[in-house]
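The values are calculated or read from the model by the stated rules, or taken from the named source; none is laboratory data. Fair warning: this is a prediction, and the values are worked out from it, not measured in the lab. Here Cβ is always computed from backbone atoms with ideal geometry, including for glycine, and neighbour counts include all displayed protein chains. All accessible areas refer to the heavy atoms of the entire protein, side chains included, with ligands and DNA or RNA removed. Shrake-Rupley method; radii C 1.70, N 1.55, O 1.52, S 1.80 Å.
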Amino acid sequence: MKIGILGADGRMGRTLAQEIISGRHDAEIGAAVGRHGDKEAAFRICDVMIDFTSAQACAEHALLAQQHQKPLVVGTTGLGAAEEGALLSASRKTAVFYAANMSLGVNLLLSLVEQAAAKLVPEFDIEIFEAHHRHKADAPSGTALALGRAAAKGRKVKLDEVMILDRAGQRKAGGIGISSFRGGDVVGEHTVTFAGPGERLELAHKASDRAIFARGAIKAALWLKDQPAGLYSMRDMLGV
Ligand code: NAD
């Protein structure tokens, strides 16, 4: 299977290329496109495209996927309503896979957090902490927001209505707090704390190698190429 890499000159794009050429997967690089590469040609010649770029570029790639009817795996985070809309509209014509975190561990964590949030009510406060390297553009991380949505789902509330990003003042009952650290070369760490009277439960994931995200994206690409048009997530692929 020929994979097209979008954002080939970035941290994730380079890791993805290394992982594909390792020969551990039933895949080869069909095209590796940076910011100024020939995207039209890449979409034409590859079987499936993987995008680790920026929110803005991702919307452009969704449109190309729609026009060329090519499966598209998106790992880019920080998407707004316009970019999510572009993915949704592409998914009416082709298979689109979106995951803010491609690691197996984080996707299991999402389901553990939902369960814990449903059980530990109402006096347990939920706080999410995430740490990433100094170059990361978006905050909170897409994974922290996904963990927040999982906790909110467990509590049967909407994250938008209970999310606390400003730590000033007393804690609001039922709030889900998210805080971020940016510095050094941290690949990605997420901790969800359930803080109750006299005890705290912490569920944490620490990524020490970007290759876990690259391997998840390749696995998604291999799975996606046989799927009909639609919008898919890690949960669809892993069945968790
Ligand atoms: P990066 O800044 O190192 O790389 C991004 C690359 O995108 C750059 O090389 C840039 O040239 C390229 N780019 C920007 N605009 C473009 C355009 N219009 N067309 C083509 N290419 C363009 O960033 P990174 O660390 O590789 O992360 C990229 C994205 O992936 C971020 O949103 C990050 O949060 C996300 N990410 C997701 C996962 C996951 O598991 N889903 C894991 C790690 C990173």
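Within segment 60-88, take every residue that is more than 10 Å from the ligand (Cβ to nearest atom), within 18 Å of Gly230 (Cα to Cα) and in a loop (DSSP other than H, G, I, E, B) and give me the one that is farthest from the chain's Cα centre (by Cα).
Gln69
Only residues that are within 14 Å of the ligand (Cβ to nearest atom), in contact with an Asp or Glu (Cβ under 9 Å, 6 or more places away or on another chain) and assigned to a helix (DSSP H, G or I): list them for segment 14-50, please.
Those that are within 14 Å of the ligand (Cβ to nearest atom), in contact with an Asp or Glu (Cβ under 9 Å, 6 or more places away or on another chain) and assigned to a helix (DSSP H, G or I): Thr15, Lys39.
Mind listing whichever residues of segment 99-114 are more than 18 Å from Lys156 (Cβ to Cβ) and open to solvent by less than 60 Å² (accessible area, probe 1.4 Å)?
Scanning segment 99-114 gives Ala99, Ala100, Asn101, Met102, Ser103, Gly105, Val106, Asn107, Leu109.
Given Arg14, Arg35, which one is open to solvent by 10 Å² or more (accessible area, probe 1.4 Å), closer than 13 Å to His61 by Cβ, of a type outside the set (A, V, I, L, M, F, W, C) and free of Cβ contacts under 8 Å to residues at least 40 places away in the same chain?
Sole residue among the options that is open to solvent by 10 Å² or more (accessible area, probe 1.4 Å), closer than 13 Å to His61 by Cβ, of a type outside the set (A, V, I, L, M, F, W, C) and free of Cβ contacts under 8 Å to residues at least 40 places away in the same chain: Arg35.
Against the conditions (1) more than 17 Å from the chain's Cα centre (by Cα); (2) buried (at least 16 other Cβ atoms within 10 Å of the Cβ); (3) farther than 16 Å from Leu203 by Cα, where does Ala117 fall short? Just the number, please.
Unmet condition: (3).
Can you name the condition, by its number, that Gly198 falls short on among (1) buried (at least 20 other Cβ atoms within 10 Å of the Cβ); (2) at positive phi?
Condition (1) is where Gly198 drops out.
Can you report the number of residues in segment 38-69 which are surrounded by 17 or more Cβ atoms within 10 Å (Cβ to Cβ) and within 13 Å of Ile5 (Cβ to Cβ)?
13
Taking into account only those residues within segment 226-240 that are exposed (fewer than 15 other Cβ atoms within 10 Å of the Cβ) and among the aliphatic types (A, V, I, L, M), which is farthest from Gln69 (Cα to Cα)?
Val240
Out of (1) under 27 Å from Ile3 (Cβ atoms); (2) surrounded by 15 or more Cβ atoms within 10 Å (Cβ to Cβ); (3) out of contact with any Leu (no Cβ under 8 Å at 6 or more places or on another chain); (4) not hydroxyl-bearing (Ser, Thr, Tyr), the odd one out for Ala217 is which?
(3)
Looking at Gly7, Gly13, can you tell me which residue is modelled with pLDDT of 95 or more, on the phi > 0 side of the Ramachandran plot and of a type outside the set (Asp, Glu)? Spell out the reasoning first.
Working: Gly13 fails: on the phi > 0 side of the Ramachandran plot.
Going through Gly7, Gly13 in turn, the sole match is Gly7.
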